[in-house]
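Below: the structure, in structure tokens.
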2 protein chains.
Amino acid sequence: MNELSSPSFPSSLALHSGETSGASLLRARYGHALPAPAVWNETLDLLLSHRSVRTYLPDTLPEGAIEALVAAAQSAASSSNLQAWSLIAVEDKARKARLAALAGNQKHIIEAPLLLVWLVDLNRLSKIADARQQPAEALEYFDSFLLGAVDAALAAQNALVAVESLGLGGVYIGALRNKPLEVAAELGLPPNVFALFGLVVGRPDPARPAEIKPRLPRQAVFFREQYSFGEAGLLDVEAYNERVRAFQLEQGLPQQDWSELIANRVRGLGSLHGREQLSDALHQLGFGLK
Amino acid sequence: MNELSSPSFPSSLALHSGETSGASLLRARYGHALPAPAVWNETLDLLLSHRSVRTYLPDTLPEGAIEALVAAAQSAASSSNLQAWSLIAVEDKARKARLAALAGNQKHIIEAPLLLVWLVDLNRLSKIADARQQPAEALEYFDSFLLGAVDAALAAQNALVAVESLGLGGVYIGALRNKPLEVAAELGLPPNVFALFGLVVGRPDPARPAEIKPRLPRQAVFFREQYSFGEAGLLDVEAYNERVRAFQLEQGLPQQDWSELIANRVRGLGSLHGREQLSDALHQLGFGLK
């Protein structure tokens, strides 16, 4: 097992005396000490070190970085090899600013040099069927949309792992779904193509580092043989609320427990910021969703 | 750049004289030689080496492997930190066999020691809102389902990268969506929880190795600034058809070009194997999808 040695490593991840990188990363990820892991490697170091980066230097990306992350994305599994996704790289500052405005004015979209937009793409499949003079009835069904969304997400996550392996950082932008028709117009999307989410990529600003965010206890999300989140799960959530508060205190962030965040987020339509119309918008974009 | 040295490395990936691992993997992934990559590292080696494994040894997984892959999954980004996914590990042979039967009788589900089932989980969020005596109206909207599906896919891909980093292999099982109600009953899923896909995990059988599958040319899926798949894209698809045929010939597989596979797959409902009823099933499982 390797010890973490990055000079810019955030303070909350400082190794305790004798602690391995695996133990340290698990402690950061779950917000408390856990038994030392029985298996570990540098890839796990990388995956557990993920943090969503919202502060960037203006540096352009290293030559070849985009090609490498696209190759990583295309290496992800694809259902029946349909490859029902596409990707647009937006580097033009004016377009990036317009997309930032559509996505709740997130300033890191402007600050970073690159916005990747991940698309559910049933247009390519439809055009191939057309070229073979065949109908494409299956594409009108809900599962085809969902398959494209899963394909796109698997590809995007591989790309983000590649990004992080190059010492760069990223953050997903779900708020691109706030205004799907306007985003489609900006990107010139044909029918049957949908911007599922964005991914901002750039060089993290070491002066404003992001921290590893603690997650729910393993047993609150991971079950054996059958689903089992119940009363005990709600106690796990309460333990998590305490860990989140401790993290916020350490980071000098405003105190809000996670259950309260959840309750506020799911209560009504106010937190959906237009996404309550997503189903209508998808129909307008040509998806059958039958 | 590292040279690939695994003794079980498939023949089609044999390094050409003087070729780096990056060049070799790009050649395998795209089915033809490309310019040497300007950046490369061992993580890219791992990501580009992905192949879907459908032949397994019966070996149990190494101690700690499941905990490591769950920690990797939980380290993936989650939209607004809602963590709208859960995971069930199925190791019971009888249950695994029943799920294999529901998923088109894929024998690798039986052969491998572990089937992970990735869930869109809005139940946990709903229960948290209940505990705070709040409504959860936002969960009834399409975007909440989609957010959970994206969260689950990002988590699963991190888990698969972790799996492969440990020398194990995996394959996604989209066919769990053929019979969503039966799968939900088998796994004891409450309302607002959906089995999005499975992921079989185990030790690949070196006697029956899987190959890296070539993907579409980069420019057929990757665009700059705006969407641009058109007539030139269809020519790229024809070039891909030739590369797929060359791969099939090399592997002794039946010849079928990719466009024909696509046309057959999307033509009608026959290839959906029950998934044409997915939208109805999701409503029955409690999702509003408004």
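Going by a ≥ b ≥ c, the root eigenvalues of the Cα gyration tensor, does region B:102-200 fall in the rounded group (a/c under 1.5), the prolate group (a/b larger than b/c) or the oblate group? The shape class here is prolate. Residues whose amide H falls under 5 Å from that of A:L196, counting only those 5 or more places apart or on a different chain, are A:W118, A:L119, A:V120, with hydrogens built in the peptide plane.
Per residue of B:271-277, other chain Cβ atoms within 10 Å of the residue Cβ number 4 on average. The sum of -39500 (n - 2.57) across all DSSP H runs of n ≥ 4, divided by the residue count of chain A, sets its helix-only mean residue ellipticity at 222 nm to -13000 deg cm²/dmol.
Projecting 7 Å from Cα along the Cα-to-Cβ direction, the label point of B:E242 sits 6.6 nm from its equivalents in the other copies, listed shortest first.
Legend: distances between Cα atoms for A:K213/B:K96; A:K107/A:K213; A:K290/B:K93; A:K127/A:K290; pairs beyond 31 Å are A:K213/B:K96; A:K290/B:K93. Both chains summed, the buried accessible area for B and A stands near 10600 Å², from protein heavy atoms and a 1.4 Å probe.
For B:E260, the point set 7 Å out from Cα toward Cβ sits 6.4 nm from its twins in the other copies, listed from shortest up. Rounded, prolate or oblate for the protein assembly as shown? Axes are the square roots of the Cα gyration tensor eigenvalues, ordered a ≥ b ≥ c, and the cut-off for rounded is a/c under 1.5. It is rounded, given that a/c, with a ≥ b ≥ c, falls under 1.5.
Remark: relative contact order (chain B) = 23 percent; criterion is Cα-Cα distance under 8 angstrom and separation of 6 or more residues.
Per residue of B:60-69, other chain Cβ atoms within 10 Å of the residue Cβ number 4 on average. Placing a label point 7 Å from the Cα of A:H273 along the Cα-to-Cβ direction, the distances to the matching points in the other copies come to 3.8 nm, shortest first. Using a Gaussian network model of chain A in which every pair of alpha carbons under 10 angstrom is joined by a spring, one finds that among A:P217, A:P204, A:P180 the greatest mean-square fluctuation is at A:P217. The GNM of chain A, with springs linking C-alpha atoms under 10 angstrom apart, assigns the highest mean-square fluctuation among A:S228, A:S24, A:S78 to A:S228. Largest mean-square fluctuation among A:E42, A:E186, A:E231, in a Gaussian network model of chain A whose springs join Cα atoms under 10 Å apart, belongs to A:E231.
Averaged over the residues of B:121-131, the number of partner chain Cβ atoms lying within 10 Å of the residue Cβ comes to 5. Considered as an equivalent ellipsoid built on the Cα gyration tensor, region A:166-256 has semi-axes of 33, 23, 13 Å, the largest given first.
Remark: region A:268-283, residue by residue, has Karplus-estimated 3J(HN,Hα) of x, 7, x, 7, 8, 6, x, 6, 5, 9, 4, 4, 4, 4, 5, 4 Hz, where x stands for each Gly or Pro and the curve is 6.51 cos²θ - 1.76 cosθ + 1.60 at θ = phi - 60°. Amide H contacts under 5 Å for A:V90: A:L115, A:L116, A:V117, B:E225, restricted to partners 5 or more places along the chain or on a different chain, H placed in the peptide plane at 1.01 Å from N. Note: chain B, Cα convex hull, 172 Å³ per residue.
Scanning chain B for long hydrophobic helices, with DSSP H runs required to stretch 24 angstrom or more by C-alpha along their axis and to average at least 0.5 on the Kyte-Doolittle scale, returns B:142-165.
The values are calculated or read from the model by the stated rules, or taken from the named source; none is laboratory data. Bear in mind the structure is a predicted one, so any value in this text is a computation, not a measurement. Neighbour counts are summed over all protein chains in view; Cβ atoms, including those assigned to glycine, are modelled from backbone coordinates with ideal geometry. Protein only, heavy atoms only, side chains kept; ligands, DNA and RNA dropped before computing areas. Shrake-Rupley method; radii C 1.70, N 1.55, O 1.52, S 1.80 Å.
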